[in-house]
Structures are given as C-alpha cells and as structure tokens.
Amino acid sequence: REQKREIEILIKNLDEEKKRFSEHMKSEMIAQQEQIKNMMDANMKQVQEDRKAFIEENEALKDNLREIQKRNEENANLIKQYSDLVAKKEEEMQKLREDMQNKAARDREAE
C-alpha cells in the first residue's frame, strides 16, 4: 500500500514536471516566434526603405537623362543652324566667284 502511494506521488510529480516542461516549451516557442516576427518586420522595413531609396535614385537618374536629352536636342538644332548657315555662305561664295569670273571674262572680251 505504501509503495502504491509512493508510485502515485511519483506519477503526480512526473505529471506536474511534464506540465511545467510543456508550459516552458510553449513559452519558449512563443518567444521565438515573436523574435522571428520582429526580425521579419525589421527586414521588411529595411527592404521598403531600400526600395524607396532605389526608386528615388532611379527618378533622379531619369530626370538627369531627360535633361541630357534636351541639351542634345538643343545642340543638334544649333549644329543644324550652323550647318545651314555654312551651306548658305558657301552658295553665296560660289555665286560671288562665278560673278567675278563672268565679269573678268566680259572685261577681257571688252578689251
């Protein structure tokens, strides 16, 4: 009878220890899950900040590219204007040469 009582006490103690261990493990698991969640939240926040910085940098680069393209177009227009002006001056010079040659030929014929 005494032995049966001791066994019952041991079983009761074992059950209490199992319960404490189970509660401890549950508490540890909750703490780990919370830690993982906090790390994921922190990582997500960092990813969002990095993404925002990347988008802002990308927009700045696009603005710079648009400005460069605008300047290139302006330069191309200037080059065309100068090219047209040079062509016009060359035509005028050619006409002047021809006029001078024609005048020289008429002057020789008149002599």
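The values are calculated or read from the model by the stated rules, or taken from the named source; none is laboratory data. Since the structure is predicted, the reported quantities are computational estimates derived from the model, not experimental observations. Please note: Cβ atoms are built from the backbone with ideal geometry, for glycine as well, and neighbour counts cover all protein chains shown. Calculation scope for accessible area: heavy atoms of the full protein, side chains included, ligands and nucleic acids excluded. Shrake-Rupley method; radii C 1.70, N 1.55, O 1.52, S 1.80 Å.
Here are some notes:
- In the set (1) surrounded by 10 or more Cβ atoms within 10 Å (Cβ to Cβ); (2) modelled with pLDDT under 95, the condition left unmet by D107 is number (1).
- All positions within the stretch 69-99 that are under 23 Å from the mean Cα position of the chain (by Cα) and either open to solvent by less than 90 Å² (accessible area, probe 1.4 Å) or in contact (Cβ under 8 Å) with a residue 12 or more places away in the chain (or both): none
- Unique residue being part of a helix (DSSP H, G or I), aliphatic (A, V, I, L, M) and at pLDDT below 95 when the list is L78, L10, L61, L65: L10
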